[in-house]
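The structure under discussion appears below in the form of C-alpha cells.
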There are 4 protein chains.
Amino acid sequence: MPGNQFGQALVLTSWGESHGTAIGGVLDGIPPGIQLNTSLIQQALNRRRPGQSIHVTPRLESDEIEILSGLYDGKTLGTPLSFMIKNSNHDSAAYDSYKNIFRPGHADYGYWKKYQHYDHRGGGRASARETAVRVAAGAIAQQVLTTILDVAPLVRAALVQLGTCTISYDHWDWQEREKNPFFCPDAQAVPVWETYLTKVKDQGRSVGAIIEVCVQNIPAGLGEPVYDKLDADLAKALMSINAVKGVEIGDGFACVSASQGYDEMGNDDELFLSNRAGGIIGGISTGQDIICRLALKPTSSTRQPRQTITKDGHVVTTEIHGRHDPCVGIRAVPIAEAMVNLVLADHLLRWRGQCGEYPILVK
Amino acid sequence: MPGNQFGQALVLTSWGESHGTAIGGVLDGIPPGIQLNTSLIQQALNRRRPGQSIHVTPRLESDEIEILSGLYDGKTLGTPLSFMIKNSNHDSAAYDSYKNIFRPGHADYGYWKKYQHYDHRGGGRASARETAVRVAAGAIAQQVLTTILDVAPLVRAALVQLGTCTISYDHWDWQEREKNPFFCPDAQAVPVWETYLTKVKDQGRSVGAIIEVCVQNIPAGLGEPVYDKLDADLAKALMSINAVKGVEIGDGFACVSASQGYDEMGNDDELFLSNRAGGIIGGISTGQDIICRLALKPTSSTRQPRQTITKDGHVVTTEIHGRHDPCVGIRAVPIAEAMVNLVLADHLLRWRGQCGEYPILVK
Amino acid sequence: MPGNQFGQALVLTSWGESHGTAIGGVLDGIPPGIQLNTSLIQQALNRRRPGQSIHVTPRLESDEIEILSGLYDGKTLGTPLSFMIKNSNHDSAAYDSYKNIFRPGHADYGYWKKYQHYDHRGGGRASARETAVRVAAGAIAQQVLTTILDVAPLVRAALVQLGTCTISYDHWDWQEREKNPFFCPDAQAVPVWETYLTKVKDQGRSVGAIIEVCVQNIPAGLGEPVYDKLDADLAKALMSINAVKGVEIGDGFACVSASQGYDEMGNDDELFLSNRAGGIIGGISTGQDIICRLALKPTSSTRQPRQTITKDGHVVTTEIHGRHDPCVGIRAVPIAEAMVNLVLADHLLRWRGQCGEYPILVK
Amino acid sequence: MPGNQFGQALVLTSWGESHGTAIGGVLDGIPPGIQLNTSLIQQALNRRRPGQSIHVTPRLESDEIEILSGLYDGKTLGTPLSFMIKNSNHDSAAYDSYKNIFRPGHADYGYWKKYQHYDHRGGGRASARETAVRVAAGAIAQQVLTTILDVAPLVRAALVQLGTCTISYDHWDWQEREKNPFFCPDAQAVPVWETYLTKVKDQGRSVGAIIEVCVQNIPAGLGEPVYDKLDADLAKALMSINAVKGVEIGDGFACVSASQGYDEMGNDDELFLSNRAGGIIGGISTGQDIICRLALKPTSSTRQPRQTITKDGHVVTTEIHGRHDPCVGIRAVPIAEAMVNLVLADHLLRWRGQCGEYPILVK
C-alpha cells in the first residue's frame, strides 16, 4: 500500500533517508542459482555517483554496496537479496537554515501537508539519493535478464538534449557516450555542451535535459494487457525518477501531427519496415528496439534568490546553497537504465509464470 | 499479477473481449454508505460512446450499464460493485478477412507472440471497447472523491491539439467544450477543426491528438513516495489508454529548455506564484491545479493500403475497412478523465489509511 | 486492499450478495491455450448445490454458470475469465422479521459495526452463497494444474466427523464417498450418520463436522518461504470458508503430545517412511500426500429460540426459520477442495515465474 | 509475488539467512508522527532470545536491533522503517556434517527441490532465526495499535500445553506467566513442567506445545470479507510460524461435537452471553476477546539417531547435534503475539482507509 515498492514478480523494497544512517533495498523474486557479478553492481553505482566531473555535484559519497543476504558462494539463493549503502557524507548542518522554510521546487511543502513533517536535511526520501537503491537493483535485474534470455538484452540510455542544446542523431555513437561527462552520444556536441553548462553553472542557474533509452534484443510478447502494459509500466517507472516531468514512447508527442500511426511489416531482413511505435504496440513488445524518452526539469536548487514562505506562512527570500548539480538530468542516465531493467525483468518473470518458458527472440 | 487490475485501495478488475458476450468490471474498496447516482455513470458512458457525431465511428453500442452487486437502496455497501455492459453490436464477420494477418499498428502480433493467439475480431482485450469499463469505474471514483472531500474536486479534460491544429489557450472556455464534437475548449478553433477532420476522413486518413487534463480542488498531500508518486501513477494510468504514446505533467517536455524549474511561493491570494510543476512536486500534490497532457497516435485502422505479413510469414497488402474513428483522441477525453478520477480516489483512500482523516484543502 | 480477492498469480475476484441479482467472479492469470471443460465446472457446482438430499437445505438454486469472457473456441485466451451465477431463488421476504435484530452466530453485528449496514436478507457477502464462486474457480484451477503438470494432481475431501460421529480410517474408500449424501468415505458409518442427522434435524438442532482434504500427485517444491508457506496459505484458504473454526496439517494438534516430530527418509519404495508432516515441511511440499483437516461449527440458524438484541439495543428472543442445513459441513466438502485447488495452482504459477519450468514429481 | 512479505497496509518485508551477515526487515505503512519506544522493541526481542533458561537453546545471540531509517527525533516519519539484527554467533562449522544429507523434519529437501540448493548451515531462511524479524515488527505494530486506538489493545499469549502436560484454566494468572521460563499461566503446573521437560531433554527427546493467544480491547468491525477474514489472516499468520501444524479460533475443533454453534447476545453487563466464536464471526471482530490457539510439533533436531538420505540418494543414519530447544513451542509465545499484533494493525489501517476513522469500542 505505501509506495516504496516496485515490481510484482521481482519486487524492490526501498528504504532510507538521505541524511539518515544508510539507504538500502530488498530485492525479492530473484531466480535462484544466478551467478551474480557484484562488481557490475558497484560499477553501475559508480556511474551514478556524484563528484565524477566538474559538471555534477561534488558531494562525495563512496556509495559502496554491502550485500547482506540472498547470496551464497556468488550465487543467488532465491531468497531476498538485501543491500545497504551507508550515508558517509551527510553534512546536515548545511541545511539548518532551511529548517522552517519550504524550498521552492522541492517536496517540502507536500510532505509537510501529508506527514506534518518534512526532512529539511536534503529531502529525506524525496532526495535523489534514493536513486542509488534503484541503480543497484537495476544492475541485478540486468543480470537476471541476461541469465534467463538466450540473447542478452541491451538497455542503454543517453542524453539527447541539455537545456537548449540538442544532438544530431546522425552522429549517434554509443562508444562516445562513455567518453564524456554528459552521457552524450554525439562527439561533436560535447564541446558545445561543455561551454554551455559551464556558463549555466557560473551564472548560478540550472537546466533540464532529455534522456533517450534504447533497448535492444528484447523478445516480442513482453507486457500485460490492459493496465500493466509494458509502456504504462515504463512510464510509471521513469516518471517516478526525481525531476522527471514527461515520458514518451517511440515517436511520442510527435506522432500527433504525423500522417501515419502504424508500422508496416515485411519479412525479409526486417520484420517491421519502421519503428514509429518504439517497439511496443497494445502494451506488448514487438521485438523491435524499445525507444523511450524522458524530460527532466532544471535542478530546483540554485543560487538564484527566490521567494517562498515559512511554516508559519511568512514570505521570505532564500537562496539554496549546497552541493548541487547544474543539470540533474546527467546523473539520471544510469537511473533510467536501471528502472527499465527492473521493468523488463519483472515482466519477463510475470510472463514466465503465466505462459511458461520464455519466448523466442524475433530474428 | 496479470495486468487487468488497477489501483490498490480502490481496485478495478476489468474483463471482457470486444466481440464476446459482454465487458465489465468489479470495483472493490468503495467506502460504504455512499449515495451513488447511477445516472451519472450512464452519462459518462454516453460521452465515450461511439456514434455521437460524424467525426467518430458509427459503430452503435447502447453501452447500457447493469450493476450486479455492491449497491442496495441506492447506497454502496462497502462490498465489490460488479457491473456489466453487453456487447450489442459485434459484427464479427466483418473481421474475417483479417483472420490470418497481423494488422499494422494493432496488438495482433504481440498477442500472438505472447499467447499464441490473437483476437482478429476487433482486438479482444486490446480493443478500445475495454475503455468503457474504465469510464464507468471512473464515474464511481468521482463520486467517492466528492463524498469524502469537503470541496468537490473537478477533473476535466479537453482536446488541445487535433493533428496539426492547435487551440489558443487565451480562448479556453470549459462551457464551449460541451458544445462541439471534439471536446475542444476554443470556440474559434472548432470550425477549422471541422473542415480539417472532414478532409482527413474523406482521404481515408487519420490523425493524432493531444488531450489536456486539469484537476481543480484537490488537497495538498496526495501521492506516495517514492515509486507510487502521484505523477508516476497518473503517467501509468494515461499511458495505459489505447494509442497513447506520451504523457507530461505541468510544463512537461518544455521544462527542459526553460530557465527556471521551480515555482515560488507567496501567501496572499495565491500560495504559489506560478504552476510550472503542474500541481505535483516530489510526487505529492501541492494543492494547485494538476495539469497533465497525453499524446495519442493517429488511428491505425484506415483505408490506406499497407503491407503486412500473414501468420505464415507471407507479405500481403491490406486495407482496414470497418467503422473506425478518424481520430481516436476525441473519444479518449472522457477516458482520460476517468483514469485520473481513479488515480485520485485510490490515493485518497491510501492516504486516509496511513495518515488518518483526509486533509485540509489549500485555500 | 479490500478482501474480495484470492491468490497472487491466479487471482480470483469475487462479487455478489446472496439476495442480489447474481454472484460471480473474475479469474485472472489463467495460462492461455488451456482446453477448458466447462461441464466439469458445472459438475463441481452441482456437488455444492443445495437441495441435493434431505440432509441439506432445500433452497433450490439452479446455480448455472455463465462464462462471459476469457474463453474462445473452448480454449482459454490468457485474459480474465469472468463468470456469473444468477440468484434465481431469493425469497427475501422470508427475512423481513430479522431486519432489526442481530442474528446470533451470524456476521450481522460485525458488518453493522464495520459498514453501518448489514444485509438481513440472508447475509449478503457473508452468506455461504458466495462459496459457489469459489467452487467454480476451483474447478478451473484444477484444470490448470492438470494441464501444466505431467501427472494430474488429485485433490479430494471427505467428511471424517459429523457432530459426535466419527469414521474408521480402516474403512476409507473414495468410491463410497460419492454414494452417500455426506461425502463420507466409510460405508459402515453412513447408516449411523443417517439416523443421527435425522434426529438432529427433527430436534431443530444442528451439528458441526470435520473435513479431511487429501492431495495426491503434487510435486515437491511448492510453497514460498517465509510468510506464504504452502500450509499458511492453505490455512488461510480453509479458514476463510464460512463456519470454519480450525485448520490443521498432517498430525495437527495431535503432534503436540507425540513422541516424535519428524518423518524419516528412505530410498526404496518410499522416499519417506511416514507422513506426520502432512506433505509440507518448512512451508514447502515434499511430494508426499498433502493432508489437512478443517473443523466447522454447527449451523447457527436453527429453530432453537435464542436471545439477541435489536439495533436499538433491546433484548429479544428469536428463532431462525428458513431453509437451512442441519450441518453446513457437508456442503463445505467441494468448497474445501476448490480452495485447495486454487492455492496449489496459484503457487505453481508463482513457482514457475521465479524458478522456471515446473519440476519433476517425486517418484 | 515471493513470500517474504506480510500485510497489505502495514507491510513487513523480511530478509536474511540464519548464518549470513544479518537478518532484518523493512516495515512500511507506519503512520507518521508516532512516538516510538525503541526499548519496547528490544524488550520483545529479548523475550524471544535463546539462552534465557536451561529449557531453551543456549545459542547466544545478542539480538540487538539497529534502526536504519524511518525514525527521526524518536518519531516515525511515515517512511519505511528499516531494521537489522546482526548474526553474532553463527557457528557454521558445526553444520558441516549435514552438508550432503537432508535432515528429517527440516525444510532441506523441499528447498532443494525448489531452488536446487538448501542451506545446511542451520536452514537459512527456514531457520526460526527469521522470527526475530517478526518480533521486532510486531512490537512496532503494537505501538501503532496503541497510538491509534483510544483504548490500548492487549495481545498476550501463554503456553497451555507442553507435550502431554496441560494447565488448569481455573488457575490462569497473567502475572504468573512472566515468572517462569515456560510462559505458563498456571503456577501449579510449573514445577510439573520443570520435571517433565528436564527428563525429555535428558533423554535427547523433544515435545510439542499449544499456545493460546488472547486479545482484549479490540474494536468490533475489524476484518475484511470474504477472503481476508480476520480469522483467515490470523490462521495464515500463525501457521507461517516454524513448526506450527494447527490453528483454531474460539472453541475450534471442539465446536464440532458441541450442541450449539452461536453466542447469544444481551445488553446489560455483557454484549454477548458466551464466547464460543472467539471474538470473530463472519471474519469480522465482534469486540469480544479474540481467542486463538496454535499447535507446534516437537523440535525435529534431537539426539535420537534417525534414517535419512543423502543428495545422492544413499540411506544414512544421523543424529542432529547442536544447540536446540527441547520444545520450540516455548520461544514461539512472543512470536505468536507479534504475528497477531501485525495482523490487527494491518487490518485497522485497511479499515481506516476504506471506512474512515477508527470505530468505537464495544463498551
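The values are calculated or read from the model by the stated rules, or taken from the named source; none is laboratory data. These figures come from a predicted structure and were not determined experimentally. Positions of Cβ are generated from backbone atoms using ideal geometry, with glycine treated the same way; all protein chains shown enter the neighbour counts. The area values use the complete protein model at the heavy-atom level, side chains included, leaving out ligands, DNA and RNA. Shrake-Rupley method; radii C 1.70, N 1.55, O 1.52, S 1.80 Å.
Numbers for the structure displayed
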quantity	calculated
Relative contact order (percent, whole number), region B:98-239, Cα cutoff 8 Å, 6+ residue spacing	20
Cβ-based charge dipole, chain D, positive-most Cα from D:S206, D:L342, D:Y196	D:S206
Spin-label model distance (nm) - A:Q304 vs B:T317, 7 Å beyond Cα toward Cβ	5.5
Charge dipole (debye, nearest 20) of chain D; +1 at Cβ of Lys and Arg, -1 at Cβ of Asp and Glu	1480
Proximal aspartates and glutamates relative to A:K201, as straight alpha-carbon distance under 13 Å, when same-chain residues fewer than 8 apart are discounted	A:D325
For D:P191, inter-copy label distances in nm, listed shortest first [label point 7 Å out on the Cα-Cβ vector]	5.6, 9.8, 10.7
Relative contact order of chain C, defined on C-alpha pairs under 8 angstrom at six or more residues apart (%)	22
Estimated Rh, chain C: Kirkwood, alpha-carbon pairs, angstrom	21.5
Accessible area expressed per residue, the protein assembly as shown, with surrounding protein chains retained (probe 1.4 Å, Å²)	31
Exposure of A:V192 as accessible area (Å², to 10), given a probe of 1.4 Å and all protein chains	80
Cα-based reach from C:K86 at 20 Å (exclusive), listing lysines while leaving out same-chain residues under 8 positions away	B:K86
Accessible area (Å², 1.4 Å probe, nearest 10) - D:V333	0
Contact order normalised by residue count of region D:269-316, Cα under 8 Å, 6+ apart, percent	20
Rough spin-label spacing in nm, given labels placed 7 Å along Cα→Cβ, for A:K75 and C:Q52	4.8
B:A152 paired with C:A258, simple spin-label distance in nm, labels 7 Å along Cα-to-beta-carbon	6.4
Residue mean of other protein chain beta carbons inside 10 Å, C:24-36	5
Cα-Cα over 20 Å, subset of C:K236/C:K311; A:K229/B:K229; C:K297/D:K229; B:K229/C:K114; B:K99/B:K245	C:K236/C:K311; B:K229/C:K114; B:K99/B:K245
Total accessible surface hidden between A and B, rounded to 100 Å², 1.4 Å probe	8200
Mean residue ellipticity (222 nm) of chain B, computed from DSSP H runs ≥ 4 via -39,500 (n - 2.57), nearest 500	-8000 deg cm²/dmol
Average other protein chain Cβ within 10 Å of Cβ, residues D:276-289	5
Solvent exposure, largest accessible area first (probe 1.4 Å, DNA, RNA and ligands not counted), of C:E270, C:E212	C:E270, C:E212
Point-charge dipole on Cβ atoms (K/R +1, D/E -1) for the protein assembly as shown, about Cα centre, debye to 20	0
Only Lys, Arg (+1) and Asp, Glu (-1) charged, at Cβ; region B:3-152 dipole about Cα centre in debye	420
Charge dipole of region A:30-173 about the Cα centre (unit charges at C-beta), most positive-ward option of A:T79, A:G124, A:S53	A:G124
